[in-house]
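Step one of this worksheet: look at the structure below.
The values are calculated or read from the model by the stated rules, or taken from the named source; none is laboratory data. Keep in mind it's a predicted model, so treat the numbers as computed, not measured. Please note: Cβ atoms are built from the backbone with ideal geometry, for glycine as well, and neighbour counts cover all protein chains shown. Heavy atoms of the whole protein, side chains included, go into the accessibility calculation; ligands, DNA and RNA do not. Shrake-Rupley method; radii C 1.70, N 1.55, O 1.52, S 1.80 Å.
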Amino acid sequence: MAPRKGVTQIAEIANGIIDPVLARRAGINTALLGSWDEIAGDSFADCTRPEKIAWPRRGDLPEEGGHRPGVLTIACEGARALFLSHAQGELIARINGFFGYPAIGQIRIVQKPVSNASLRPSRPRKLEGEKARRLEGMMEGIENENLRRAIERLGTGVFSAKRK
């Protein structure tokens, strides 16, 4: 399906606003943050978070006009930092593969709590009683199983949402 004229996704607008701020303050873009779970892999996705990239100053660059890689600071929880330090080489290769050029030459690990739990919303509980019957009545006649599951998830979230 082709995008409609004049229609822009909210993610594009938000990234357009957030990326310059992140780039100026931390040298990181939202694409790196959004893909961190894939880059870090199953071993480190839950206990690490990229904090900032320190790029060399222009005066520190070689005279040939070449590029010098930056230093990525990663927050890591507790004892996992030791395992991360042993896997630095592989992680640097993955990050550079993500960027498509040798952007990172070194990783600096900072031990601090990484709260990914607040970033991932918890699943709502299964509905019971009147709300469950009401949702079941709304889904009556839906034959497509995938659509039925999607509407059930949506309805569960809507009906279990706490009103302020």
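Keeping all protein chains in position, work out how much accessible area H86 exposes to a 1.4 Å probe, and write it in Å² to the nearest 10.
Around 150 Å² of this residue is reachable by solvent.
Report the net charge of residues surrounding I107, where surrounding means a beta-carbon distance below 14 angstrom and charges are Lys +1, Arg +1, Asp -1, Glu -1.
That sum, taken over residues with Cβ under 14 Å, equals +3.
Taking all protein chains together and a probe of 1.4 Å, list R148, R57 from the most accessible to the least accessible. Walk me through the numbers before you get to the answer.
Details: R148 50, R57 180 Å².
Ranked from most to least accessible, the order is R57, R148.
Given the whole protein assembly as supplied and a 1.4 Å probe, what does the accessible area of L33 come to in Å², nearest 10?
Estimated to the nearest 10 Å², L33 gives 70 Å².
Quick one: accessible surface of K126, probe radius 1.4 Å, all protein chains present, in square angstrom to the nearest 10.
Surface accessible to solvent at K126 totals approximately 150 Å².
I'd like the FRET efficiency for H67 and Q111, computed as 1/(1 + (r/R0)^6) with the beta carbon distance as r and R0 of 30 Å, rounded to 0.05.
Details: r = 30 Å, r/R0 = 1.00.
Result of the calculation: an efficiency of 0.50.
Would you list V158, V71 from the most to the least accessible area, probe 1.4 Å?
Working: V158 70, V71 40 Å².
So the residues, ranked largest to smallest area, are V158, V71.
How long is the gain from W55 to A31 if the chain were fully straight, where each residue apart is worth 0.36 nm and the alpha carbon distance is subtracted? Write out the running numbers ahead of the final one.
On the way: separation 24, 0.36 × 24 = 8.64 nm, distance 1.77 nm.
Residue separation times 0.36 nm, minus the Cα-Cα distance, leaves 6.9 nm.
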